[in-house]
Amino acid sequence: MEILKVKNLSVSYGKKIAIKNVNFTLKEKEILGFIGADGAGKSSTLHAIAGVVSFKGEVVYKGYAYHSPKEAEKIKNEISLMPQGLGLVLYDFLSVGEHFDFFRDLRGLKKDEEYETRLLKMAGLYEFQDRLAGNLSGGMRQKLSLILALLPRPKLLILDEPTTGVDPISRAELWDIVNEMREEGMSALISTAYMSEASKMDRLMLFDEGEVIAKGTAQELIEKIKDYTYEGEIESNECFSFNKRTYCLNPLPLKKAIPTLEGVFFVNALKKGKKPILIEVPKKNIDVPEIIVKAKCLTKKFGEFIADNCVDLELKKGEILGLLGANGAGKTTLIKMLLGLYPIDEGELYLLGKRIKSYEDRIELKSKIGYVSQKFALYKDLTIKENLEYFAKMHSLTPKETKEKIEKYSKMFGFEEYLNSFPKEVPLGINQRFSLAAALLHEPVVLFLDEPTSGVDTVARSAFWKLLRKLKENMGISILITTHYMSEAEYCDRVVVLKRGVKIVDDEVKNLHQKYPGLDFEEIFLKIYKENQ
Amino acid sequence: MRLNVIKAYLKKEFIDLIRNKMIILIYLIPTMILILFGYGIKLEVTHTRTIIIDNDHSKLSLEIINKFSHTKYFDVKVENISYKEALHKLQTNKADMIVIIPPSFSKDLYKGAQIGVFIDGSFPLRAVTIEGYVEKLLIHGFNIKLPIKIENRNFFNEAMRDYNAIVPGLFGLIFLVVPASLAAIIIVKEKEVGTIFNFYSAPIKKIEFVIAKIIPPFLFHSLNIFILFLWATYLFDVPFRGNFFIFWLTSEIYILISVGIGILVSIVTSTQVAALVLSVIITVIPGFLYSGILMPISSMDKESYIEAHIFPVSYYNHIIYDTFLIGQGFKSSLNVLYFIILCIYAFVLIALGTLLIKKAIK
């Protein structure tokens, strides 16, 4: 039975169109997945259906048609929305139990002891009913938000990126809860940035730049692009290569491969006439020691909380080291200690063979290190060019050098045409590349990148990784990178996995594949995490 | 309207305000403003550095010098210097006022004698106040029979105490600024954090949400009416001659007006900082300027007279000054009219807030 029908739905904010002409239907007990990057229009579509944003077009829920948030009021007691963000709807100073009281009264529900206990147990929060929401971990907050959304027994559950930033274990638990409720007749619309979650959905819609580019089951979508998918990676301005596969519209003399969902985005980009940017990084030799960073038993405490507990780390010359772990595992804290943004509580740190003890020790090495922070530290009121000029001045480059460097990097990284735009006007992928350029202006020998690819679309991510590899191969730059996408771990030479501040794995990627044959990295990661309970 | 929704929000709001310690600010800030401003604003001028040049040396001139010397308002030095030297002292800020008694002052008294009084006018308000003291002192100060007798008496604030003039006026300032900022913050906080989605996505009416958000600041600040009243009457010794019920009721209505302003502020802002700054700016300036502390509204110029009547603070203060210092209460038809105007304000602002608040992402 069809419970939801969406006809020509469009949402715009002022002049900016968030999503254009979406059409789909949802059946009872069905889970429809929205997949796409940040800003692709997933949230806007979900918000429109939940009746929390004005939209054009029509939504029909069980025969009741609505065209505005006001008309949607009538069906809001059958729909639950969980917006994007870790526990966004929670009040930090309210305990788990008090949240139940609040949401029960808000919806005018009678207390159903049995159902509430069941929800709390499903989420593993039964023992934590007195704990304040502000003291819960990210995964727990997300699970609490989910069971609160389930409290009014909705017929339609709308989840906006429920798993983003959640550790793999909690992620699996979130899916279990959704599946259990689905058995009881609930339908769900769920958006995600992780391709790997596609298998949990009955049907998928892929979003890109404010449009739905494909619809169907994961199998159907993959089927459609299998003619364009080849094994291996090649250099070409006609084809995209990512994660051991190449996508090309023209036939290639290569072996065909089973495509992944990510491929749909590449094929779509190719069909739209987009070409991959060709990145040319000139060869250069730099003189650095074999060990770039050596950390011995680094520890950082915030009061009682130990963010990093005696972590050893080594970054070798010309190596890409991936730092993985769930939210709150201590990745960012570790990078900040290496950079000197946090004082080190215990342990020793050597950068480029030199023991770092004081602020003065760092000043000397500052010119050798480049850093791109989470969310990119850009000035939004300066154009991209002005931003770069500002960073160049900070590193006391001469105006002539600055001009040359900006020209060089904008050409090399392919953002020349955006130089005079403001950061918020350009796609996230462009911001990401020009942040990298800003970090490279002073020609460092080592780069620290903190989640540079979060929320960036697949095509831009593939270009970014290509760029990083070129930097490593041709310029000999060492790179330490953190990421949430497990598929990206394949691009690292070595990975370090942190869990609650403790290092649980430090190995080369190929060794891990040998150890766990036949698994992709996401599965390997989950296994490792479970083994180290 | 369903009580369960309002109850849910109220319970959450009270727990939140207490656990995040906001409750301390709610009760600290009004008292702080009252004490800081109450002690801080001085309208009277004391210890004016005065140089008297006595060229007459008569019994009368000595009497004048004595009169000046025996009040707290003047610190007198009698010096035998020239007019020019004295003026120089005034210019170099060695003195605030110079009094020159001419040589034949007592002889010419009935023919039209003159005394030269020179006052430092760099602070006009202070200069005018000093001038007033001098005039009063010279006219009433000693037993000279003048052809005209001026009989003046200050009503309602006989002792001319500053506290009586300032402290009641501060009520209008405090109850305009503080409830407005609290109301704006507790709404905008939900927008900033994201919990506003609970309101957007649940079948809750706008009026229910607004009422649930009005009640906490209203109740918390109702207690402040009593606290500030006690400070005013016990700490500052301001007399209370009117009807307490009228004082209390008018203050409650006035707090509703302030909360209404806070709701309107929360509609146009999306961060707590912006909400705080905006609500303070739009309430402090009228709250202070048109409170009647600095200048009675009836003596304002045309533009400011009209402006003063646009802001509710002037109506409220009229009634509050009345209840403290005069005590006419609702026997005065003007007070009744002003009370009705305040009720209309409260109703219009809150109705407007309910109407304009959006139940959707902008």
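The values are calculated or read from the model by the stated rules, or taken from the named source; none is laboratory data. None of the values given here were measured: they were computed from a predicted structure. No Cβ is skipped: glycine too gets one built from the backbone with ideal geometry, and neighbour counts run over all protein chains shown. Remember, those area values only see protein heavy atoms, side chains included, never the ligands or the DNA or RNA. Shrake-Rupley method; radii C 1.70, N 1.55, O 1.52, S 1.80 Å.
The table below gives the values:
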item: Rounded to 5, the percent of DSSP beta bridges in the range B:48-140 classed as antiparallel; result: 30 percent
item: Built amide H within the under 5 Å cut-off of A:V502, gap 5+; result: A:N309
item: Packing-based order for B:76-83, B:31-38, using average beta carbon neighbours within 10 Å, highest first; result: B:31-38, B:76-83
item: Over chain B: helical MRE at 222 nm, DSSP H runs n ≥ 4 each giving -39500 (n - 2.57), nearest 500; result: -20500 deg cm²/dmol
item: Sequence of A:I213, B:I64 from largest to smallest accessible area, 1.4 Å probe; result: A:I213, B:I64
item: Kirkwood hydrodynamic radius of the range A:2-216, from inverse mean 1/r over distinct Cα pairs, in Å; result: 17.5 Å
item: Surface/4 estimate of mean projected area, convex hull on alpha-carbon atoms of the range A:387-452, nm²; result: 4.5 nm²
item: With Cα atoms, 0 to 90° folded angle of helix A:138-150 axis to chain A main axis; result: 20 degrees
item: Relative contact order, percent, the range A:2-216 [alpha-carbon distance under 8 Å, six or more residues apart]; result: 30 percent
item: Ranked packing of B:177-184, B:316-323, A:76-83, most packed first, by mean Cβ within 10 Å; result: B:177-184, B:316-323, A:76-83
item: Long pairs among B:K191/B:K213; A:K284/A:K393; A:K56/B:K362; A:K316/A:K470; A:K368/A:K405, criterion Cα-Cα beyond 20 Å; result: A:K284/A:K393
item: Ratio of Rg to Rh over chain A (Cα coordinates, Kirkwood Rh, two decimals); result: 0.97
item: Over the range B:16-66: Rg over Rh, Cα atoms, Kirkwood Rh; result: 1.58
item: Scattering curve values for the range B:48-140, log₁₀ I(q)/I(0), Debye with Cα scatterers, q = 0.19, 0.25 Å⁻¹; result: -0.89, -1.45
item: Residue-averaged beta-carbon neighbours from other chains (10 angstrom radius) around A:49-61; result: 2
item: Chain B: relative contact order as a whole-number percent, Cα under 8 Å and 6+ apart; result: 20 percent
item: 10 Å Cβ neighbours from other chains, averaged over peptide B:305-318; result: 0
item: Average partner coverage of B:189-195, which counts Cβ from other chains inside 10 Å; result: 4
item: C-alpha center-to-center spacing [the range A:143-195, the range B:319-362] in angstrom; result: 48 Å
item: Viscosity 0.890 mPa s, 25 °C: Kirkwood-radius Stokes-Einstein D of the range A:291-531 over Cα pairs, µm²/s; result: 132 µm²/s
item: Anchor A:K5: aspartates and glutamates whose Cα lies under 16 Å away (excluding residues fewer than 8 positions away in-chain); result: A:E28, A:E30, A:E58, A:E71, A:E78
item: Ranked order, A:M394, B:M22 - accessible area, probe 1.4 Å, largest first; result: A:M394, B:M22
item: Shape of the range A:407-490, Cα gyration tensor, a/c cut at 1.5; result: oblate
item: Nearest-ten-degree value, helix A:262-271 long axis tilted from longest Cα axis of chain A; result: 80 degrees
item: Computed over chain A: relative contact order in percent, which uses C-alpha pairs under 8 Å that are six or more apart; result: 13 percent
item: Distant alpha-carbon pairs in the protein assembly as shown (separation over 40 angstrom), percent; result: 56 percent
item: Fraction of beta bridges assigned by DSSP in the protein assembly as shown that are antiparallel (%, nearest 5); result: 55 percent
item: As computed over the range A:226-271, the Cα convex hull volume per residue (Å³); result: 64 Å³
item: Antiparallel %, DSSP beta bridges [both residues in chain A], to 5; result: 60 percent
item: Sequence of A:K393, A:K27, A:K300 when ordered by accessible area, the most exposed leading, probe 1.4 angstrom; result: A:K393, A:K27, A:K300
item: Between helix A:458-475 and chain A: long-axis angle, C-alpha atoms, 0 to 90°, nearest 10; result: 20 degrees
item: Cβ-defined net charge surrounding A:I3, 12 Å radius [Lys, Arg +1; Asp, Glu -1]; result: +1
item: Burial ranking of peptide ranges A:433-444, A:395-406 (average Cβ count within 10 Å, highest at the top); result: A:433-444, A:395-406
item: Mean projection area, nm², convex hull over Cα of chain B; result: 23.1 nm²
item: Spatial separation of Cα centroids for the range A:1-74 and the range A:434-452, in angstrom; result: 40 Å
item: Local electrostatic count at A:T164 - Lys and Arg +1, Asp and Glu -1, tallied over other residues with Cβ under 13 Å; result: -3
